Amino acid sequence: MTNTLNQKNAKYESESNRFKNLYQTPYVKEIFGHLDAWDKVSFEDKQKVVDLMIPKICAKSEKIDIVWKI
């Protein structure tokens, strides 16, 4: 049981560190900056955020599929 708990803790630490490192990248900081002030952000900056977060949108008559990078 101790090994399983240690493995889960190690996985959590790994994921936590990965997220912290991801958040430090310039484009993620820019995205969060725009999201924090979304109502005040220009249309062009909103387009930039969407371009950074969504690589593909598939629209069909019955549904829309959005592929997110996050």
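The values are calculated or read from the model by the stated rules, or taken from the named source; none is laboratory data. Quantities reported herein were computed from a predicted structural model and do not represent experimental measurements. Ligands, DNA and RNA are stripped out before the accessible areas are found, and what is left, the full protein with its side chains, is counted by its heavy atoms. Shrake-Rupley method; radii C 1.70, N 1.55, O 1.52, S 1.80 Å.
Computed from Cα atoms, the angle from the helix 2-23 axis to the main principal axis of the chain rounds to 30 degrees. For the chain, the solvent-accessible area works out to 89 Å² per residue, with a probe of 1.4 Å and every protein chain left in place. Overall, the anisotropy analysis places the chain in the oblate class: the square-rooted eigenvalues a ≥ b ≥ c of its C-alpha gyration tensor yield a/c not less than 1.5, with a/b not exceeding b/c. On full extension, the segment bounded by Ser61 and Glu15 gains 12.8 nm, given 0.36 nm per residue less the C-alpha separation. Relative to the longest principal axis of the Cα atoms of the chain, helix 43-53 runs at roughly 40 degrees. Nonpolar atom fraction for the chain, defined as the carbon and sulfur part of the 1.4 Å probe accessible area, stands at 56 percent. Only DSSP H runs of four or more residues enter the estimate; each adds -39500 (n - 2.57), and after division by the residues of the chain the mean residue ellipticity at 222 nm equals -20500 deg cm²/dmol.
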